[in-house]
Amino acid sequence: MLGITKIFGAVTALDRVDLEVSQGAIHAIVGENGAGKTTLMRILYGALQPDQGTIEVEGKAVRFGSSREAIASGVGMVSQHYGIIPELTCLQNLVLGAEGGLILRNRSAEARAKSLATQMGFEFEWQAEAATLSPAGAQKLEILKLLWREARVMILDEPTAMLSPADANALFESLDRLAAGGATIILVTHRLPEVLEHCQRVMVLRNGKRIAEKAVAETTGGDLAQLIVGGALERSEESSPFSPGSPLLEVSNLSVKGDRGELALKGVEFGLRSGEILGIAGVDGSGQRELFETIAGLKKPIEGSIVMLGNDARGLSTANRIAHGLRLIPEDRHAQGVVENWSLDENSALGLQRLPPFAKGGRVDGRARHQMATQIANRFNTRHGGLNLPMSSLSGGNQQRFVAARSLCLDPKLLLAFQPARGLDIKGTQQVYDGIREVCRLGSAALVVSFDLDELLEQCDRVVAMNHGRLYEPPASLAKDRDAIGRLMVGAQ
Amino acid sequence: MIWRLIAMVVGACAILVGAVLVAHQSPVESLHTLIHGSLGSPAAIAGTLREATPLLICGLAVFIALRAGLFNIGVEGQLLVGACTCAVVAIRLPGVPGMILGVVAGMVAGALWALPAGLIKAYRNGHEVITTIMLNNVAIFITSALVAGPIKDKTQADTATAYVAASSRMPWLYRTPTVEVNFSLVLGILLAIGMALWLKRTVAGYELQAVGANRVAARFAGVSPQKVTMLAMTISGALGGLAGAVQVLAYEGRFYDGFSPGYGFDALGVALLAGGSAYGVLPSSLLFGMLSKGGTALQIDGVPKGITTVVLGMLILIAAAIRYRKVTTTDA
Amino acid sequence: MLNLLVLTILFSTPLILAAMGGYTSERGGVVNIGLEGMMLMAACVGAIASVRFGPVGEVVGGIIAATIMSSLHWLATQIYHIDHVISGMALNAIAAGATNFLYLKLSDPAHGSDLPHIPITIFCITAFVIPFLIWLYSRQTRGGLRLLSVGSDPDKARLMGIQPVRVRFFGLLATGVLTGLAGVELVAYTGVFTDNMTSGRGYIALAALILGGWRPIPAFLACFAFGFFSALRLQLQGTPLFGAQLPSQLWAALPYIVTVIALAGLLGRNRTPAGLGKH
């Protein structure tokens, strides 16, 4: 791939990126969230078109209009969100889309599947439903899908995200086998130990640019981590005197199951005191989402406890927690934060509908709600055409301003924010964080999840990192050390 | 909004014209018959209002379920069990107590009839469309069996219960030999107003609509979709039962086999055409009442009643399609 | 005894055909409550066509009518993204009204009972063979696998290069053919078209499909069971059972009660296709 450039609106996702991979090698691509790794790969396997640049496969120039065309040229991807359909059998999943004719020859298909599997050291119950597969098993099936379609270039995006160490090792054994057989493997990952142990070359992307490309043998974990997160901050940090108060949130030994039955949180433990803004850093999929939802009351832990604002949160519904002072800025404002068809006025009460002044003894106080809506809209200068217009009339950024402002009203005591400044420019971001800082100064506390480490380092009092479902706190002496936290995030020590 | 109305009217007229032409009838004449038959005289208007009343109450029943994101197709069955229960209770109690108790009994019966569907949807995620339709059929058969046997009035040949005492009947607001308007119409209008206010002005109403509009966001806002589902289905069923009780107490005086000409089914159309506000159910049920009454007049004229049903079906599709277009164009 | 078997076969035939029509639609992810309306249209149009075009016209006319209805359902749900339930109910309403209208207006009442008699055996044999064919189709052919995938997860199917809208189009065409056959069977058997002659069979067929967990053979068995109860009802009407006279309505209500219980999860696990109603 040469000179690949991709621009999404105002954001340059990829800026003249070059990538060269050779046969029989495992090549890693590393970088933070938003660095452009996934975008680059999506272009390679046909889901996206580059604005500029060329792709050559085995010397031939190609242009992939769809993933089908990519597969036809031998390029396939195993994505993080597996394309396995649980209701179908393993065999059916394998052949779907590449059936080889109108009639399915199940017996010969199964024979071929078995031989492919044995080559890789896999084993499958071909007639069993794919729902019975573990995440590791599903991934193996995904790899077999690529082999079935005779892919010669295989892209794996965060393959070990859901795997146990043992499964991950087994996966790499298979990948080695494939590489030995002449396949080309591109590994997109955050996990530096894997890169150091199993890959031959590594490329670092940051902010859409190719920062470095070197042989693994010539670099170290520390080196790479530094390249990934970049140099020291140029921005001056003005840290206001920070003296934390009483504990507002105590999480101990929290374990939560994820959507696919795997353990998404493993023994998470941390505390939050009044006046404090705690940042949770980590790459997407490390368990932040599950942590957020569990503290919000939307998910039940299988182990551990949460003490929130002096109450044992077990058994407290989300509505109860909100009544006690919990506020949420959800990750996806469209799906989780607003009702698009409703007016701004009506949306202003969402989440707060039972609290005065929105409610007056079970009844909705329309006038008060209108006042609150005006306040909320004005707080962060939400640009809108009228409070009675639907939320869908607002741009994404303004919706975010509205949702953020809403979470700060009515005396919040504990604020849970997931990417609170998503989609906002620098000024808007600062406004939101200033607002959060303000309520914390009055005694509240805030938990902020973000994929932007710089943002967290600048705005939060403390930053911890999540990786693979566990929470890591940097030692006190390195409390806000960029390198240290970066290393915790990507699993490098 | 105005485009939607225009498109709907144009579409309906086109279909009406087409069908009527097929029937070798003059479309203008037929339209005239329809309008005259439903609105042309005090008697006609009264008849239209009478048709509209059960449609109004049933429409409100379906409407509130729709606002919560549920399809209650079972209003027909809820109406039947409500009517049957009301008749049984009211027969035994003369006077106003009988009327009140009959209404309450009808509402309770209707609510209970909707309960299984609500439970299955809330806790087992079994689609309420199928369960309510099934319960409809069960209701039809059970009430039919009851009215042919245990609760039948043995002194008469009709497959029906005895008549409810005159003192328990719902009062007439205005009654001449040709024109009758019953209190139940006022009841229906009050219910519509009540529902509109409840949805707009109470926290419970707000939360119910939140679940219907965006289930996930409602959860993040602290609302329990299961509780809302149960509440909505219960209220919906109670209103369906109320419609049945009203039919007994206001118009029929007794319960008999074949009691409902499909009010519950038409109610889905009424609710869908009502738009976003409970107030909309008022004109919508009036429209359906007009088409029903006018359709009868057309029938006398030689045009089969079915044409009005076709028109209504197409109106629903056109309305739904227009709503879809509206949604996508504001998505810029 | 033999009589009971024959009646069972007769009663279950239209149910089986309609249920298989429901399968090709729902297993591909399109909720189809409109089976009732499609059958009704087929019966009516078939009856009308038979007057002019004889038995062949009856079958062809019926199939065309039902297929037009199912195509409208496809258009409404896949192109206009109208809610599947609303579309189905609206189509049922249109069918009910249109058949009421068409029949009374277009056919001469004197000819009403003069419809050509098609040997019912053809329908019965078809009804008993089709479920197995569909089972084979879904297991052994590419089209069958794609139908399953689209109904289980249309987004993931898209990732694999399959177009759900296209697959569903063919699925709904098949629905039209099958429900058309079901509707025509009804008129062919009785010889007349009467207002609302399907009287809920379309819903029962849907219930059978659900009871069968959206699988052809179990759905077929469910239809057979429903047919059996209808036949039993006819046989036992009037004769006392267990010393008391069970009202015939209780028998008639049985299939519906059983469906509700099944949906409550008391009869095995929930097998709803995960992609039902999704784009």
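In the set C:P216, C:P164, only one residue is within 14 Å of chain A (Cβ to nearest Cβ) and buried (at least 17 other Cβ atoms within 10 Å of the Cβ); that residue is C:P164.
Tally up the residues in the range C:98-115 that are surrounded by fewer than 24 Cβ atoms within 10 Å (Cβ to Cβ) and either at pLDDT 60 or above or within 8 Å of chain B (Cβ to nearest Cβ) (or both), please.
Total meeting the criteria: 7.
In the set B:V181, B:V216, which member is of a type in the set (V, I, T) and either in a helix (DSSP H, G or I) or within 14 Å of another protein chain (Cβ to nearest Cβ) (or both)? None of the others qualify; the one that does is B:V216. Here the range A:277-307 is the region considered, the condition is being away from every other protein chain (no Cβ under 14 Å) and under 23 Å from A:L352 (Cα atoms), and the residue that is nearest to the chain's Cα centre (by Cα) is A:E290.
Here C:I162 fulfils each of the conditions (1) more than 18 Å from the chain's Cα centre (by Cα); (2) outside any loop (DSSP other than H, G, I, E, B) apart from (2).
Which of the following residues is away from chain B (no Cβ under 13 Å), in contact with a helix residue (DSSP H, G or I) (Cβ under 6 Å, 6 or more places away or on another chain) and over 29 Å from A:G245 (Cα atoms): A:R383, A:R333? Let's see the steps before the verdict.
Numbers: A:R333 fails: away from chain B (no Cβ under 13 Å).
From the options A:R383, A:R333, the qualifying one is A:R383.
What do you reckon, is A:A359 under 18 Å from A:P412 (Cα atoms) and touching a residue at least 12 places away in the same chain (Cβ under 8 Å)? Against the criterion (under 18 Å from A:P412 (Cα atoms) and touching a residue at least 12 places away in the same chain (Cβ under 8 Å)), A:A359 does not qualify. Contact annotation: residue pairs with Cβ atoms under 6 Å, 6 or more positions apart or on different chains, pairing a residue in the range C:18-34 that is more than 21 Å from C:G227 (Cβ to Cβ) with a partner that is of a type in the set (F, W, Y), are C:R27/C:W214. With respect to the conditions (1) within 14 Å of another protein chain (Cβ to nearest Cβ); (2) β-branched (V, I, T); (3) free of Cβ contacts under 8 Å to residues at least 60 places away in the same chain; (4) in a helix (DSSP H, G or I), A:I85 falls short on a single one, namely (4). None of C:A208, C:A225 is under 21 Å from C:N3 (Cα atoms) and at pLDDT 75 or above except C:A225.
Restricting the range C:54-77 to residues that are surrounded by 21 or more Cβ atoms within 10 Å (Cβ to Cβ) and under 14 Å from B:A320 (Cβ atoms), the residue that is nearest to the chain's Cα centre (by Cα) is C:H73. For the range A:441-467, residues that are within 23 Å of A:D332 (Cβ to Cβ) and not aliphatic (A, V, I, L, M) total 8.
Which ranges mark the helices (runs of 4 or more DSSP H) fully within the range B:1-84 that have 3 or more residues being modelled with pLDDT of 90 or more?
Fully inside the range B:1-84 and qualifying: B:42-67.
Restricted to the range A:48-72, and to residues that are out of contact with any helix residue (DSSP H, G or I) (no Cβ under 6 Å at 6 or more places or on another chain) and within 14 Å of chain C (Cβ to nearest Cβ), which residue is surrounded by the fewest Cβ atoms within 10 Å (Cβ to Cβ)?
Filtering first and then ranking leaves A:G65.
Among the residues of the range A:92-125, the ones that are more than 10 Å from chain C (Cβ to nearest Cβ) and assigned to a helix (DSSP H, G or I) come to 15 in all.
Filter the range A:344-368 for residues that are at the interface with chain B (Cβ under 10 Å from one of its Cβ atoms) and in a helix (DSSP H, G or I); which is farthest from A:S407 (Cα to Cα)? Looking at residues that are at the interface with chain B (Cβ under 10 Å from one of its Cβ atoms) and in a helix (DSSP H, G or I), I get A:G366.
The set of residues in the range A:423-436 that are in contact with a helix residue (DSSP H, G or I) (Cβ under 7 Å, 6 or more places away or on another chain) and surrounded by 24 or more Cβ atoms within 10 Å (Cβ to Cβ) contains only A:V432. In a residue-by-residue description of the range B:200-208, the property of being more than 25 Å from B:S284 (Cβ to Cβ), more than 14 Å from chain C (Cβ to nearest Cβ), touching a strand residue (DSSP E or B) at 6+ places or on another chain (Cβ under 7 Å) and assigned to a helix (DSSP H, G or I) applies to at least one position. With respect to (1) out of contact with any Gly (no Cβ under 6 Å at 6 or more places or on another chain); (2) modelled with pLDDT of 95 or more; (3) surrounded by 17 or more Cβ atoms within 10 Å (Cβ to Cβ), the lone exception for B:N182 is condition (2). Each residue in the range A:452-490 was checked for being crowded, with 20+ Cβ neighbours inside 10 Å, in a loop (DSSP other than H, G, I, E, B) and within 16 Å of the chain's Cα centre (by Cα), and 2 pass. Set side by side, the residues A:R369, A:R327, A:R333, A:R321 differ, and just one is of a type in the set (D, E, K, R), surrounded by 20 or more Cβ atoms within 10 Å (Cβ to Cβ) and in contact with a Phe, Trp or Tyr (Cβ under 6 Å, 6 or more places away or on another chain), which is A:R369.
For (1) more than 21 Å from the chain's Cα centre (by Cα); (2) facing another protein chain (nearest Cβ under 7 Å), each residue gets a yes or a no:
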position: B:W113; (1), (2): no, no
position: B:P116; (1), (2): no, yes
position: B:L119; (1), (2): yes, no
position: B:A122; (1), (2): yes, no
position: B:G126; (1), (2): yes, yes
position: B:I130; (1), (2): no, yes
position: B:T143; (1), (2): no, no
position: B:G149; (1), (2): yes, yes
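The values are calculated or read from the model by the stated rules, or taken from the named source; none is laboratory data. Nothing here was measured: the structure is a model prediction, and the numbers come from that model. We place every Cβ from the backbone using ideal geometry, glycine too, and count neighbours over all the protein chains shown.
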